[in-house]
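Chemist: This is the structure I want to talk about, given as structure tokens.
The values are calculated or read from the model by the stated rules, or taken from the named source; none is laboratory data. Just so we're clear, the structure is a prediction, and the values are computed from it rather than from any experiment. Cβ atoms come from the backbone with ideal geometry, glycine included; neighbour counts cover every protein chain shown.
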Protein chains: 2
Amino acid sequence: MKLQILGCYAATPRTLTNPTSQVLEIKNHMFLIDCGEGTQVQLRKHKIKFSRINHIFISHLHGDHFFGLPGLISTFRLLGRDRELHVYGPKGIKEAITLLLKLGDSWTNYPLLFHELTSKEPELLFEDDKITVETIPLNHRVYTNGFLFKEKLGERKLNVNAVAQYKIDKCYFQNIKNGKDITLNDGTRLSNTLLTFDPPKPKSYAFCSDTSFFPEIIGQIQEVDVLYHESTFLDSEGHLSERTKHATAKEAATIALKANVGMLILGHYSTRYKTIDLFKEEAMEIFPNVALADDGKVFEM
Amino acid sequence: MKLQILGCYAATPRTLTNPTSQVLEIKNHMFLIDCGEGTQVQLRKHKIKFSRINHIFISHLHGDHFFGLPGLISTFRLLGRDRELHVYGPKGIKEAITLLLKLGDSWTNYPLLFHELTSKEPELLFEDDKITVETIPLNHRVYTNGFLFKEKLGERKLNVNAVAQYKIDKCYFQNIKNGKDITLNDGTRLSNTLLTFDPPKPKSYAFCSDTSFFPEIIGQIQEVDVLYHESTFLDSEGHLSERTKHATAKEAATIALKANVGMLILGHYSTRYKTIDLFKEEAMEIFPNVALADDGKVFEM
């Protein structure tokens, strides 16, 4: 699992700071999460292949999270895309994008599929044999969802020495990896745990931006490996945070602590702050394992 | 008159090339012409004060000419703008921008005034005592206008020595500058040309992008000082140019020659070309005074 931050600053794009967008690589998928203005340039800058992006998740319809989407969708067309593109986002996103394309007489030549969200309860958005993606309803000024990406528990790992010792034929290997016990020709029954090791622990990533301090999410994100939580402000600007329905670094850390996550990544910093180091300091007073997102930064998990 | 190119490449924004946008400074106005994705970053990069922009002219509704507009309009709000902003562009622009703002519950706190264009004849969009701005109907795949910015003929310049010689009272100066003749107390009539010099020749700038080769514009842009004309392709790609309703460098130069303009600036280059020098070479075979637009370049006139 690999997370690349394309942009993680609040409000407007600037020369050196980009609005929210990130790419999550998980089990051969490349998911784009949010798409602020300039995201397509960030994708090029970080040499991410446009053709690998088939699913885009938009948290909410504030400009700093989706004004890069019309351009990216148009660029896909110019690049001759023919594969389906799935866009998940709040109701209204389809009308907006469709109108912009219509005005330019620029219909896509590939299937563009919108999945519009309205539920205030967690919803399963995507599932295959290896992962699931679900919404995390958040609390912001407009309807907003975070996204929870979870690997499924994989197959058990074959204990090569054990299967050799018992001279088990290859044709049983898949059953064994699926957790089945085996009966040998002489009638001996071998428990699966003799022949396999536990599969690797499935990884999980929760993206929570934008949101006020919202303890309702704690149950759903309990024990995720990595939590990205917005921290637009420091505690000293708590009044602004409340008014704008954003969170402080302290509040993000409190969520991380209560959800017992593996690691907290902070982001969505207000550009009022000269340096982002104070965010980490503030969060670490509450939760030990804190990292700072920054444009271009990669987190390998 | 000063023209700053913010972006002048066709299609999609890239790490080093920006889609169309430029700023024209003329008689204390700062006009933004087109607004491709990332324009607000280019404005910051070139230290152009956002507060000086009160009029935005959008040629047509292809993404590379207006996908930066929603973000810029939102940023104006975040910066606490209270002055009117006038946006001139094809019909549909108001609905699109309004929808995007509505989805984000982000109404502007300043008067945002749309002037929607539908006419296929030149229209006067703006006029004050010093300048006019009118549309130049172009021929592209969608409804498109160029824009013609013209200084008005200024006051005549007072010949300080002459008015001193004839001992003319100051209270007559404005009349003299307005071109009036003067009668002295002794009855002598002085022709205005004795007392003044001609005012400086008014300057003019024509922005023509995007368009196919369209000789219909020649009359309207006759003898402008500076013509910006798109040249998406070289003559060798004339077939693409025809199909996409763009122009070649050769065609842009032919327009410049026939309109007898002072200077031709080329732009809107397809990113298929490794270097833009060939555009200048091709155009100069037809018209002598050619300059190449490039992102960040400034033309002082």
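Chemist: May I ask you to list the residues in region A:2-16 that are surrounded by fewer than 21 Cβ atoms within 10 Å (Cβ to Cβ) and modelled with pLDDT of 95 or more?
Modeler: A:Lys2, A:Gln4
Chemist: Residues being in contact with a Ser or Thr (Cβ under 6 Å, 6 or more places away or on another chain) and aromatic (Phe, Trp, Tyr): count how many of those fall in region A:259-301.
Modeler: Of the residues in region A:259-301, 1 are in contact with a Ser or Thr (Cβ under 6 Å, 6 or more places away or on another chain) and aromatic (Phe, Trp, Tyr).
Chemist: So which residues in region B:143-162 are surrounded by fewer than 22 Cβ atoms within 10 Å (Cβ to Cβ), of a type in the set (A, V, I, L, M, F, W, C) and either within 14 Å of chain A (Cβ to nearest Cβ) or touching a residue at least 12 places away in the same chain (Cβ under 8 Å) (or both)?
Modeler: B:Leu153, B:Leu158, B:Ala162
Chemist: With respect to B:Phe76, determine if the residue is crowded, with 18+ Cβ neighbours inside 10 Å, in contact with a Cys (Cβ under 9 Å, 6 or more places away or on another chain) and either under 25 Å from A:Leu69 (Cα atoms) or among the hydroxyl-bearing types (Ser, Thr, Tyr) (or both).
Modeler: Taking the combined requirement at face value, the residue does not satisfy it.
Chemist: Quick check on A:His46: is it at pLDDT 95 or above and surrounded by fewer than 18 Cβ atoms within 10 Å (Cβ to Cβ)?
Modeler: Yes, satisfied.
Chemist: From the list B:Leu72, B:Leu61, B:Leu103, which one is within 14 Å of chain A (Cβ to nearest Cβ), among the aliphatic types (A, V, I, L, M) and touching a residue at least 60 places away in the same chain (Cβ under 8 Å)?
Modeler: The conditions single out B:Leu61.
Chemist: Kindly provide the set of residues from region A:242-272 that are buried (at least 24 other Cβ atoms within 10 Å of the Cβ) and among the hydroxyl-bearing types (Ser, Thr, Tyr), ordered by number.
Modeler: Correct list: A:Thr248, A:Tyr269.
Chemist: Also, I was wondering about something else. For the list (1) more than 14 Å from chain B (Cβ to nearest Cβ); (2) within 20 Å of the chain's Cα centre (by Cα), I need the number of the one condition that A:His140 fails.
Modeler: Going through the list (1) more than 14 Å from chain B (Cβ to nearest Cβ); (2) within 20 Å of the chain's Cα centre (by Cα), A:His140 breaks only (1).
Chemist: Could I ask something else about it? Could you tell me whether any residue of region B:181-204 is under 30 Å from B:Arg141 (Cβ atoms), touching a Lys or Arg at 6+ places or on another chain (Cβ under 8 Å) and outside any helix (DSSP H, G or I)?
Modeler: Among the residues of region B:181-204, at least one is under 30 Å from B:Arg141 (Cβ atoms), touching a Lys or Arg at 6+ places or on another chain (Cβ under 8 Å) and outside any helix (DSSP H, G or I), which makes the answer yes.
Chemist: Of everything in region A:25-49 that's without any contact (Cβ under 8 Å) to a residue 24 or more places away in the chain and within 12 Å of chain B (Cβ to nearest Cβ), which residue is farthest from A:Lys203 (Cα to Cα)?
Modeler: Result: A:Val41.
Chemist: Go over the candidates B:Phe114, B:Phe126 one by one and state the one that is surrounded by 13 or more Cβ atoms within 10 Å (Cβ to Cβ), more than 14 Å from the chain's Cα centre (by Cα) and either in the same structural domain as B:Gly219 (by TED's automatic domain parsing) or within 27 Å of A:Ser106 (Cβ to Cβ) (or both).
Modeler: Just one listed residue meets the conditions, B:Phe114.
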